[in-house]
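Below you'll find the structure, written out as structure tokens, and then a few comments.
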Amino acid sequence: MFTHVLFNVVIPDHKADAFRLPYRVEPGVGNVIVSNLLGGFSRWDAQYFMHITLYGYTHENTLAFFPLFPLFLKWLSCLISFIFPSFFSSLNCVLLVGTLLNCILFSIAAVFLFKLTHTVFHSELFAFTSIFLFCINPASVFFSALYSESLFSFFTFSGLWALEKNKIFWALISLTLSVGVRSNGVLSVGYLIYVILKEYLYLNFLDQQTFRARIILFFKTAVKLLLYVFIFILPFFAYQLYCYWLFCVSDFSEVELPDIVVEFLIRNDLKLPSEPSKWCFWNIPLAYSYVQSRYWNVGFLTYHTVVQIPNFLLAAPILILMIFSSIKYFNKNRRFLWHAGLLVMENDDLTDIYNCTRCFPYFLHVFTLTIFCVLFIHVQVTTRILCSATPIVYWISAMAVLPNSERARMKLMKDYKDYSYQGFLAANMHFIKKIYMHSTFYGKFIFWYFMCYFFIGISLHVNFFPWT
């Protein structure tokens, strides 16, 4: 957070052509402190989240942003306003709450990433290195700013850990809630389907199973699968129903909004709920797909233009890392492709992620998500989507950064524990130094990629310069 504040104070803001929510600056010591210190966290899409928190879904553009994160901000900012009446403006309440909330959520997400990694690989060093890379990930600025990445990572990593520990109900709730945060959370349903199918195949091929028992097992599995998928997609369709009610059915009145918001909407000729939009008359009226296409030009290959080459170059490192790592994994495990690893019951090689059959659904998910990002969405947001949605980014990077020798890895962990008595900061700085010294050229490249994007991203984003 200190780095964000420093760059925000030292570097002047860029006059970006971006959405800025309407509000009146209010006097007061608390408002001056919060706006000066934390203003850098409210750039770009954070303005949309703050607008929705303060005023709701007032115009059609805002429907691209899912409601769970703004709901958290609204509830907590109301609590702060109650505790400190008149000390902060409503805008600065949201800014303060959002910054603190994301710091807490980011820390908890790191804990669940550690638990998930340790559960899969049974290596404290590998898990520790993964969360170190998570803390300096290339999209780190979005985990601190008023974006939904930290909340999404928290739900995703906690849900995946719960799946690995066979806590199915916990996993279902966590991953389902992630759908209420970001649309790409829908893809996580694949993890649930994978686990249910693998359990079914394991039980179905037990020698003692009778034909009748197998038929019963089939129908029980089918019902469970349908029920879980139905629960999983509820947040998405519930939000779409709300959009339909707000923009296609309800009697919207501009009187309900503050004057400054009404003036802003009229001045910018923004689409209000008072007149139904064309998507209201579709056979399946999905506001999300219409808004993404109409206002953000999201669609198949619509972003592949010459002017977007710099954005493709910006996203190139994460795209190359994910695509080539996935191809390497699938090529090395091609004998499992026809059954997607569902029939594999053998022990994994926990020293090499590319020999880990347990990682098959993770690679399948990240490969699907990466290809979707390349073909359909604004490519510059790929980095933050992947860094918040999958542990594979950190597992591949940790594998590259750490030495190949198990003996060298054990020595690294011993050195870290030996230095821990000198304090948390000293031990971690020593650990980072040792990792860097023992890394291959490929590992050093990944290390510098993370570090450069970490600092450059913060300095640009908090001052309204375009970033991933």
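Taking one quarter of the surface of the C-alpha convex hull of region 57-180 gives a mean projected area of 9.1 nm². If the reach is capped at under 29 angstrom between alpha carbons, list the lysines near K444, excluding any in the same chain fewer than eight residues apart. Cross-link targets: K115, K328, K332, K411, K414, K417, K433, K434.
Using Stokes-Einstein with the Kirkwood hydrodynamic radius over Cα pairs, what translational diffusion coefficient do you get for region 34-119 at 25 °C and a viscosity of 0.890 mPa s, in µm²/s rounded to a whole number? For the chosen part, D equals 175 µm²/s. In sequence order, region 432-446 has phi-based couplings of 4, 4, 5, 4, 4, 5, 8, 6, 6, 4, 4, x, 5, 4, 5 Hz under the Karplus curve 6.51 cos²θ - 1.76 cosθ + 1.60, θ = phi - 60°, and Gly or Pro positions carry x. For region 305-318, backbone phi angles converted through the Karplus equation (6.51, -1.76, 1.60; θ = phi - 60°) give residue-by-residue couplings of 10, 4, 5, 8, 4, x, 5, 5, 5, 5, 8, 4, x, 5 Hz, Gly and Pro being listed as x. The orientation-averaged shadow of the Cα convex hull for the chain, equal to a quarter of the hull surface, comes to 26.3 nm².
Ordered from highest to lowest accessible area with the whole protein assembly present and a 1.4 Å probe, M429, M322 read as M429, M322. Using the Cβ of G341 as centre and a radius below 9 Å, the other residues enclosed give a net charge of +2, where K and R count +1 and D and E count -1. Under the criterion of Cα pairs below 8 Å and six or more residues apart, the relative contact order for the chain equals 22 percent.
For the chain, the mean residue ellipticity at 222 nm estimated from helices alone is -21000 deg cm²/dmol, where every DSSP H run of n ≥ 4 contributes -39500 (n - 2.57) and the total is divided by all residues, rounded to the nearest 500. Compactness ratio for region 142-243: Cα radius of gyration over 2.2 N^0.38 Å (N = residue count) comes to 1.27. Across region 102-110, rounded Karplus estimates of 3J(HN,Hα) from the backbone phi angles (6.51 cos²θ - 1.76 cosθ + 1.60, θ = phi - 60°) give 5, 4, 5, 5, 4, 5, 5, 4, 5 Hz, Gly and Pro being marked x. Each eigenvalue of the Cα gyration tensor of region 185-299, multiplied by 5 and square-rooted, gives one semi-axis; in descending order these are 48, 14, 12 Å. By accessible area, using a 1.4 Å probe on protein heavy atoms only, the chain has 68% of its surface on carbon and sulfur.
Between R20 and H339, the contour length at 0.36 nm per residue exceeds the alpha carbon distance by 109.9 nm.
The values are calculated or read from the model by the stated rules, or taken from the named source; none is laboratory data. Just so you know, these numbers come straight off a predicted model, no measurement behind them. Reconstructed Cβ throughout: ideal geometry from the backbone, glycine too, with neighbour counts over all protein chains shown. These accessible areas exclude ligands, DNA and RNA; they are computed on the full protein's heavy atoms, side chains included. Shrake-Rupley method; radii C 1.70, N 1.55, O 1.52, S 1.80 Å.
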